[in-house]
Structures are given as structure tokens and as C-alpha cells.
1. Would you please list the contacts, defined by Cβ atoms under 8 Å and residues six or more apart or on different chains, that run from a residue in the range 264-280 that is in a loop (DSSP other than H, G, I, E, B) to a residue that is hydrophobic (A, V, I, L, M, F, W, C) and at pLDDT below 90?
2. Of all residues in the range 223-240, which are closer than 18 Å to V191 by Cβ and buried (at least 24 other Cβ atoms within 10 Å of the Cβ)?
3. Since M170 meets every condition but one in (1) crowded, with 18+ Cβ neighbours inside 10 Å; (2) at pLDDT below 95, which condition does it not meet?
4. Quick check on the range 92-129: of everything there that is more than 16 Å from L174 (Cα to Cα) and open to solvent by less than 30 Å² (accessible area, probe 1.4 Å), which residue is farthest from the chain's Cα centre (by Cα)?
5. So if I check each of P85, P155, which one is open to solvent by 10 Å² or more (accessible area, probe 1.4 Å), over 21 Å from P206 (Cβ atoms) and either of a type in the set (A, V, I, L, M, F, W, C) or at pLDDT below 95 (or both)?
6. Taking the options D181, D194, name whichever one is touching a residue at least 24 places away in the same chain (Cβ under 8 Å), in contact with a Lys or Arg (Cβ under 7 Å, 6 or more places away or on another chain) and closer than 25 Å to L139 by Cα.
7. Are any of the residues in the range 260-280 modelled with pLDDT of 95 or more and under 17 Å from F126 (Cα atoms)?
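The values are calculated or read from the model by the stated rules, or taken from the named source; none is laboratory data. Computed from a predicted structure; not experimentally measured. Using ideal geometry, Cβ is built from the backbone for each residue, glycine included, and neighbour counts are taken over all protein chains shown. Ligands, DNA and RNA are excluded from the accessible area calculation, which covers all protein heavy atoms including side chains. Shrake-Rupley method; radii C 1.70, N 1.55, O 1.52, S 1.80 Å.
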Amino acid sequence: MRRSYLLFDSVNQPTEAFAQFLQDVRVPGNDLQSIDNALQARFFQKGPDGQPLERWELKEVEISCPPERFRYHLNLCGFGMKTTPSEQGYARAAWPGALLVRAVARLQDLMTAWDDGVRWQETIVFGGKRLLRPDRENLQEAWALLEYPGYDPLPQASFEELGIKTELDMMRWLWEQQAVDMPQEFGTTAVFVDASMKPAIIPGGPSVRPTTEDTIREWLQGNPTPGSLLVSSGAPYGMAQDEAFWMLLEPHGHTVETFGHDLPDGLLVEAIMREVAGTVNRIRRARA
């Protein structure tokens with residue numbers, strides 16, 4: 001089942017669970033369009049150039065819903081709970097790009113699924129030319145996330161010194177580091193997708209990083225044979241990723257299933273509600 005039906009039915013009315021969630025966080029609207037407008041206005045923060053702020057740039061927001069009730073709603077609507085693959089076999093698995101911490105979690109979720117007996121023929125690594133953020137994406141943090149605390153094979157080395165500059169560079173490196181723990185048939189069948197940066201919105205402004213949709217379109221340029229795709233993307237991001245992959249791949253004969261870990265501890269309300277708003281906006285665009 002397409003996960004968007006946890007939020008809206010076939011005629012774009014909110015489900016009972018999602019309507020109650022919206023009521024408790026004081027978001028008005030009674031259909032997909034009005035709810036999207038309200039969520040965008042309140043939670044999808046933008047910078048001076050009109051572009052959406054990155055998740056790490058978001059300003060603090062407050063909601064009236066108590067934390068326990070908030071988490072209950074997230075779980076019920078598909079933004080909070082861990083999900084596992086429903087089948088034992090897929091044509092492909094997808095590892096979508098992200099900041100280092102999420103990229104590692106998504107790769108480790110794939111490895112856990114394989115250990116649990118789920119199988120696929122190749123892994124598609126959906127990355128791009130986004131430049132890394134040294135404060136959040138560095139070699140020391142990577143070793144810690146890979147559960148090799150204190151391991152320093154190259155003293156004083158940094159990603160930059162290793163020639164690792166972009167998101168896809170980082171994902172290649174992570175793949176190589178984890179390869180020692182991968183079964184041979186898992187670790188040797190990766191296809192790396194490298195989506196380009198996009199032109200600046202305003203003259204002289206910064207280039208715009210590729211989105212999930214951009215990486216999918218880049219992969220489609222190779223006319224891949226239609227088949228089933230298992231996408232690794234845990235909470236709260238899996239809902240939006242599921243919609244993005246379905247929206248672009250279903251017309252080409254692919255099927256999509258998204259799975260992954262539960263909501264990480266410490267994720268701020270503004271980041272979670274930004275994800276809810278982004279998901280609803282993707283659903284609106286997909287159903288237009």
C-alpha cells in the first residue's frame with residue numbers, strides 16, 4: 001500500500017488519524033489542498049531567497065500538543081514507528097543520500113534487512129554533488145557512527161584530505177568501509193547515481209543541491225528495467241521518500257516499498273513538522 005493513504009483517502013480527505021493529529025497541533029483545513037497550504041505557511045520555513053531552509057537551519061517552533069500525545073500521533077500516521085520489509089525478495093534496494101548521520105543509518109538498515117533474510121539483486125546509491133558540511137560530516141563523526149570509536153587509521157586525516165568532498169564521495173567511502181561487514185553478494189552490486197547541482201535561484205547566489213527527485217530522474221536516464229524497489233529511509237523521512245519514489249517510478253512500471261528505523265531520539269519538533277509539511281506537499285503534487 002502506498003503510505004500516503006495513512007494521511008489522505010482516495011478523494012483527498014484526511015484520514016481520521018491524521019485529522020486528529022492536525023487538530024491537536026492546531027493546523028486548519030479539511031482537504032489536501034487547504035491542509036497543505038496551512039502546513040506550508042506554518043512549518044515549511046524559507047530563507048531570504050525564497051528557498052526552503054535546510055533542516056539544520058530551521059528556527060524553533062512550538063506546538064500545543066504534549067510530547068507523549070505528539071509521539072502517539074506520529075506513530076499512528078507513519079512518521080514515528082520502525083517499519084520492516086514485507087517481502088523476502090526485491091529486484092533492487094535503494095540507499096538515498098542524506099547528511100552523514102542519516103546516510104549511515106540508512107545503510108545499516110539495509111544491512112540489517114539482508115541479515116534478516118531479505119534479498120535483492122543490486123543496490124542503487126542515490127547521491128549527488130552536494131558539498132559536505134564539515135561541522136556535521138567529518139571523518140571523526142563517521143568513525144563514531146560506524147561504531148568504530150577511537151579508530152583512526154589515518155592520523156590527522158579529514159574527508160577533504162582523502163578527496164571526499166561531495167555527498168556521493170561520502171557514500172562511496174561509507175560503502176567501502178562497511179564492505180568488510182557485508183556478504184559478498186551484497187557488497188559487490190552497487191550502482192552509484194551522481195546528480196548534479198542546480199543553477200542558483202538568483203544571479204550570483206549559491207547553486208542549489210539536488211533533491212531526492214533529481215537523483216531519481218538521474219537514475220531513470222539509464223532506462224532501468226522495471227522491477228520492485230526497497231527504499232531504506234527511516235522515520236520521519238520515509239513517508240516523504242516513499243511518495244517521491246512512487247511519484248516518479250510508478251509510471252515507468254516500478255513498484256516501491258519504504259522501510260527503516262523508528263524516530264530518532266532528540267529530533268526537534270520543527271524538523272519533524274517540516275517533514276510532515278513536506279510529505280503533504282509531495283502528496284498534493286503527486287495527486288494533482
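1. L268/L58
2. Selection gives L230, V231, S232, S233.
3. (2)
4. G117
5. That would be P155, the only listed residue that is open to solvent by 10 Å² or more (accessible area, probe 1.4 Å), over 21 Å from P206 (Cβ atoms) and either of a type in the set (A, V, I, L, M, F, W, C) or at pLDDT below 95 (or both).
6. Step by step, each of D181, D194 is checked, and only D194 is touching a residue at least 24 places away in the same chain (Cβ under 8 Å), in contact with a Lys or Arg (Cβ under 7 Å, 6 or more places away or on another chain) and closer than 25 Å to L139 by Cα.
7. Within the range 260-280, one or more residues are modelled with pLDDT of 95 or more and under 17 Å from F126 (Cα atoms).
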